[in-house]
Amino acid sequence: LESYLARVGYFKPIGRRGLNGTDPDVHLMKDALGLSFSLEEMCPVTIEEVHRSLSDGTYDAVLDRIVEAFESISNKCDFVVCEGTDYFGAMSAFEFDINADVAKTLGIPIVLVANAPQCSMIDEQECREVCEEAVRNIMLVKESVDEKRCELFGVVLNGVDQDAQDMVKDLTSATLKDHDVRLLGTMPKTDILSKLRIEEI
């Protein structure tokens, strides 16, 4: 995005509080990309606040806060990447609906980052079967997105086995295309990506 646009922003509507009081992802993005917005601007609401708002009936007010914060950032940017919640803890079962509500309220499309099917290119039949299962799981998400009247822009498969990357891409993209879902790309499974330090990023 930064190779095409002058001002790319980042926004995480609903975050969590790390040891330093801010969401670790937001802190990382601000430092790594040199963003000028404050941590509070980029992450206006915590998952705990959403939890409380669902209990006390103030959920709409929380969504209003998110809209206000998003507009403040988007007015100063050509494009804003929004990150969904982390699916950690007691609220994880409700977080898909919450993320869909936020996407619908902000009028932004969804990019699904899905776990890649784990297979080896040595056994093509096994790879075909796990790819079919992965597509079924993606289609369940698409049905939920459609029910919420949101737009699923496309899917990224994360953690694809290096040796089977081309096969996984071919098997999943063709099937997803039949269901009008775009495979945007794949991220390979590499040990270093799970062990990066900030200076390496």
Between the helical axis of 124-147 and the dominant principal axis of the chain, each derived from Cα atoms, what acute angle in degrees is found, rounded to the nearest 10?
-> 30 degrees
Cα centroid separation - segment 177-192 against segment 30-86, whole Å = 27 Å
Asserting the computed 222 nm helical MRE of the chain (DSSP H runs at least 4 long, -39500 (n - 2.57) per run, divided by residue count, to nearest 500) equals -14000 deg cm²/dmol
With label points set 7 Å from each Cα along the Cα-to-Cβ direction at LYS104 and GLU133, the distance between them in nm comes to 3.1 nm
Pairing the Cα long axis of helix 59-74 with the longest principal axis of the chain, what angle in degrees results, from 0 to 90 and rounded to the nearest 10?
-> 80 degrees
So which of LYS104/LYS189; LYS142/LYS177; LYS30/LYS189; LYS169/LYS195; LYS30/LYS195; LYS12/LYS104 end up more than 21 Å apart by C-alpha?
-> LYS104/LYS189; LYS30/LYS189; LYS169/LYS195
Surface accessible to a 1.4 Å probe, SER3 within the full protein complex, Å² = 100 Å²
With everything on Cα atoms, drop me the angle between helix 165-178 and the longest principal axis of the chain, reported from 0 to 90° to the nearest 10.
-> 70 degrees
Taking K and R as +1 and D and E as -1, what net charge do the other residues with C-beta under 14 Å from the C-beta of ILE73 add up to?
-> -1
Rounded to whole Å², per residue accessible area for the chain with a 1.4 Å probe reads 60 Å²
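The values are calculated or read from the model by the stated rules, or taken from the named source; none is laboratory data. Fair warning: this is a prediction, and the values are worked out from it, not measured in the lab. Note that we place each Cβ from the backbone using ideal geometry, even for glycine, and neighbour counts take in every protein chain shown. Accessible surface areas use protein heavy atoms only, side chains included; no ligands, DNA or RNA. Shrake-Rupley method; radii C 1.70, N 1.55, O 1.52, S 1.80 Å.
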